[in-house]
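Undergrad: Handing you this structure, nothing more for now.
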There are 2 protein chains.
Amino acid sequence: MKNKNVPIGVFDSGVGGLTVVREIMEQLPGEAILYFGDTARVPYGNKSEETVVRYSSQIIKFLLSKGAKTIVIACNTASAVALEKMKKEFEVPIIGVVEPGAKAAAKVTRNGRIGVIGTEATIRSGIYNEFLQKTNPHVTVYGKACPLFVPLAEEGWVEEDEITEQVARRYLAELSEQDIDTLVLGCTHYPLLRSVIQKVVGDKVQLVNPAVETARELKYLLEERRLLNECEKAGETYAVAGGTLLPQHEFFVSDRAEKFKQFAASILPSAILRPESVGVEKFE
Amino acid sequence: MKNKNVPIGVFDSGVGGLTVVREIMEQLPGEAILYFGDTARVPYGNKSEETVVRYSSQIIKFLLSKGAKTIVIACNTASAVALEKMKKEFEVPIIGVVEPGAKAAAKVTRNGRIGVIGTEATIRSGIYNEFLQKTNPHVTVYGKACPLFVPLAEEGWVEEDEITEQVARRYLAELSEQDIDTLVLGCTHYPLLRSVIQKVVGDKVQLVNPAVETARELKYLLEERRLLNECEKAGETYAVAGGTLLPQHEFFVSDRAEKFKQFAASILPSAILRPESVGVEKFE
């Protein structure tokens, strides 16, 4: 039986998955996070399915080698194209962000008209549509790829930025015309552009951040498998309390740990961020 | 002795290097091109030096395995951070785009104030400054990284686009204030944004496209090493003329050959584009 006190493995193509980590820390403060950001090979959104599957498999092997008890694919693209294959390849419980995001959107909508924005690969996969239809066959889904949103977020042009607003207007015009009342932020970077997106689509459209629902599903999953960590709060460093080793968050990236840290500090408290560089190509 | 009729190996992180191929085909119509675009790992501009060096070495090994007689690094980032190491690692003649671009700019400037735009890695390396100072110690160089230009070019928002123009104004304002009279397009994607950039900096600033000068230097190099192909025109397919096998252009990518082809067709005649997918990670 798996040790409950080992960490939850979380990965993303880069830094965006930290918006999911933030929600997990909020809802499951006793869990330690083992994070891998594939900063050497970011972005995944314009890569083929085959390539994203191969990268995901390498990363999960790495996270398992570090003792992860469960895996969260905190990247919409990898969730969209690789989750099912990863579930077949590995025995450990694995969840993605797409199904929780779709469920949340299906609950929120009143008029049944839902927009989904994401990377090219996520939108091309049609997977949000698939899960939304499964939850409620009466919804209509409008997808739109927004390839510039990730580089804009990484440039830090996020709050009240005129250029970002214009880009958002261009991308979102056709969704607005469809009279949607719900919009899924189908890429983990997009919550960083939340205020601009909300301004452009207007207050009547409810934004859905799949990260929130993913953390909730993760909690159910850990309870069900009796894998919840009983520690009260995961520590910033390894420490022994009452004879028990408290769990610690750990962050790994495939390139440029310093840059990751700078950007990550806008999402998580910087005190816990001490990222290390590691290559995962050997985990074939 | 090397066979003159074998191709010139050219590589880039993706599709941008085709602007260099276009110049080589113009100036050296008898040469066959063997192109590799690293579309699975694009972009290079935000990666570490170590990673770009490793990728460059893998790709050169691949190009040599296909019989290349010389190598052109048609990527400013890889030229900036990996050229010297590649020259030490391999015996075949290798040229990059930075030194030719710097020489051209040093010739063009009248007031000695030169701007350079490129990826974060190219600008951080300071290499244009180094080569420009070597050619003419009296020039002053102003560098500016423009990370959104590549995704904007790949989105196809290139001609008379209001958003691209605003992004260009934001990036280039500080260079314009420095009274530059010459601006080096230090990334192979940027010639695609040429008209917007020219509009923003004004007609008094001369744009330098390193691709033109690189093709010229390549010609000198091949003449000097007696490696010029004596064929009149490289063919679109292998063909025998007068008992000789005419050389043929070949294109390889590490991911999504179809997408590469679509974008490439805006740079080169689509008839010659039949890209094949190939992995190069094994060439360690």
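The values are calculated or read from the model by the stated rules, or taken from the named source; none is laboratory data. Keep in mind the model is a prediction, meaning the values are calculated, not measured. Using ideal geometry, Cβ is built from the backbone for each residue, glycine included, and neighbour counts are taken over all protein chains shown. Accessible surface is based on the protein model in full, side chains and every heavy atom, while ligands, DNA and RNA are left aside. Shrake-Rupley method; radii C 1.70, N 1.55, O 1.52, S 1.80 Å.
Undergrad: Report the one residue of A:Pro269, A:Gly115, A:Leu28 whose Cα lies farthest in the direction of the positive end of the charge dipole of chain A (charges on C-beta: Lys and Arg +1, Asp and Glu -1; origin at the Cα centre).
TA: Checking the options against the dipole of chain A, the answer is A:Leu28.
Undergrad: Please state the charge dipole magnitude for the stretch A:1-122, taken about the Cα centre, from unit charges on C-beta atoms (+1 on K and R, -1 on D and E), reported in debye and rounded to the nearest 20.
TA: Using Cβ point charges on Lys, Arg, Asp and Glu, the stretch A:1-122 gives about 240 debye.
Undergrad: In addition: Whose amide H sits under 5 Å from the amide H of B:Thr140, counting only residues 5 or more places off or on another chain, with H placed in the peptide plane?
TA: Those lying under 5 Å, H to H, from B:Thr140 are B:Arg113, B:Ile114.
Undergrad: Could you do me a favour and compute the accessible area per residue for the protein assembly as shown, 1.4 Å probe, result in Å²?
TA: Normalised by residue count, the accessible surface of the protein assembly as shown is 42 Å².
Undergrad: Can you list the copy-to-copy distances for B:Lys134, using a point 7 angstrom from Cα toward Cβ, in nanometres, shortest first?
TA: Reported distances to equivalent positions: 5.8 nm.
Undergrad: Just give the residues from the stretch B:254-277 buried by at least 10 square angstrom of accessible area in the all-chains context relative to the isolated chain, probe 1.4 Å, and say none if nothing qualifies.
TA: Hits at the 10 Å² cut-off: B:Asp255, B:Arg256, B:Lys259.
Undergrad: Sticking with this structure for a sec: Could you identify which residue out of A:Arg22, A:Arg170, A:Arg216 has the top mean-square fluctuation in a GNM of chain A using Cα springs shorter than 10 Å?
TA: A:Arg170
Undergrad: Here's a follow-up. Hey, what number do you get for chain B at 222 nm if only DSSP H runs of n ≥ 4 count, each worth -39500 (n - 2.57), divided across all residues, to the nearest 500?
TA: Roughly -13000 deg cm²/dmol at 222 nm, from the helical runs in chain B.
Undergrad: Would you mind calculating the gained length between A:Ala173 and A:Lys219 on full extension (0.36 nm times residue separation, minus the Cα-Cα distance), in nm to one decimal?
TA: Length gained between A:Ala173 and A:Lys219: 12.9 nm.
Undergrad: Which distances, shortest first and in nm, link B:Glu89 to the matching position in the other copies, using label points set 7 Å out along Cα to C-beta?
TA: Going from nearest to farthest copy, the values are 2.6 nm.
Undergrad: Okay, moving on. By its C-alpha gyration tensor, with a ≥ b ≥ c as the square roots of the eigenvalues, how is the stretch B:132-195 shaped: rounded for a/c under 1.5, else prolate for a/b larger than b/c, else oblate?
TA: Since a/c reaches 1.5 and a/b is larger than b/c, the shape of the stretch B:132-195 is classed as prolate.
Undergrad: In debye, nearest 20: dipole of the protein assembly as shown around its Cα centre with unit charges on the Cβ of K, R (+) and D, E (-)?
TA: Dipole about the Cα centre, nearest 20: 960 debye.
Undergrad: If I take R0 = 25 Å and measure r between the Cβ atoms of B:Glu160 and B:Val108 in this structure, what FRET efficiency does the formula 1/(1 + (r/R0)^6) give, to the nearest 0.05?
TA: The formula returns an efficiency of 0.45 here.
Undergrad: Using the Karplus curve 6.51 cos²θ - 1.76 cosθ + 1.60 with θ = phi - 60°, what ³J(HN,Hα) values do you get for each residue of the stretch B:136-143, in whole Hz, with x for Gly and Pro?
TA: Values, residue by residue: 8, x, 8, 7, 10, 10, 10, x Hz.
Undergrad: Okay, next question. Name the nearest-to-axis residue of chain A, judged by Cβ distance to the rotation axis taking chain A onto chain B, and quote that distance in whole Å.
TA: For the rotation taking chain A to chain B, the closest Cβ gives A:Pro151, 2.
Undergrad: In the Gaussian network model of chain A, springs joining C-alpha atoms below 10 Å, which of A:Tyr35, A:Tyr142, A:Tyr128 carries the largest mean-square fluctuation?
TA: A:Tyr142
Undergrad: A further question on this structure: Computed over the Cα atoms of the protein assembly as shown, what is the ratio Rg over Rh, Rh following Kirkwood?
TA: Here the Rg-to-Rh quotient is 1.00.
Undergrad: For chain A, what log10 I(q)/I(0) values come out of the Debye formula at q = 0.12, 0.13 1/Å, with one point per alpha carbon and no solvent?
TA: -0.72, -0.84
Undergrad: Within the accessible area of chain A, what % is carbon and sulfur when the probe is 1.4 Å and the other protein chains stay in place?
TA: Answer for chain A: carbon and sulfur cover 48 percent of the accessible area.
Undergrad: From the label point of A:Pro29, set 7 Å along Cα to the beta carbon, how far off in nm is each other copy's matching point, shortest first?
TA: Sorted ascending, the copy-to-copy spacings read 7.4 nm.
Undergrad: Continuing with the same structure: Sorting check: for B:76-87, B:223-234, B:157-168, which peptide has the highest mean count of neighbouring beta carbons within 10 Å, and how do the rest follow?
TA: Going from most to least packed, we get B:76-87, B:157-168, B:223-234.
Undergrad: List every residue whose amide H lies under 5 Å from the amide H of B:Glu250, counting only residues 5 or more places away in sequence or on a different chain, with H placed 1.01 Å from N in the peptide plane.
TA: B:Ile33, B:Leu34, B:Tyr35
Undergrad: Rounded to a whole number of µm²/s, how large is the Stokes-Einstein D of the stretch B:62-220 at 25 °C and 0.890 mPa s, given Rh as the Kirkwood radius over C-alpha pairs?
TA: In µm²/s, the coefficient rounds to 153.
Undergrad: Starting from the Cα of B:Gln27, step 7 Å along the direction of its Cβ; do the same at A:Lys134; then give the gap between the two resulting points in nm.
TA: In this crude spin-label approximation the distance works out to 5.6 nm.
Undergrad: Follow-up. List for the stretch B:129-158: residues with 40 Å² or greater reduction in accessible area, all protein chains versus chain alone, probe 1.4 Å?
TA: B:Leu148, B:Glu155, B:Trp157
Undergrad: Using modelled amide H (1.01 Å from N, peptide plane; none on Pro or chain starts), what sits under 5 Å from the amide H of A:Gln206, excluding residues fewer than 5 places away?
TA: The list, which skips near neighbours in sequence, is A:Thr182, A:Leu183.
Undergrad: Still on this structure, please answer the following. Using 10 Å bins from zero, what percent of all Cα-Cα pairs in the stretch A:148-284 falls into each bin?
TA: Answer for the stretch A:148-284: a P(r) of 10, 26, 31, 22, 10, 1, 0 percent.
Undergrad: Return the value, in Å² to the nearest 100, of accessible area buried between chains A and B (probe 1.4 Å, both sides summed).
TA: In total, chains A and B hide about 2700 Å² from solvent.
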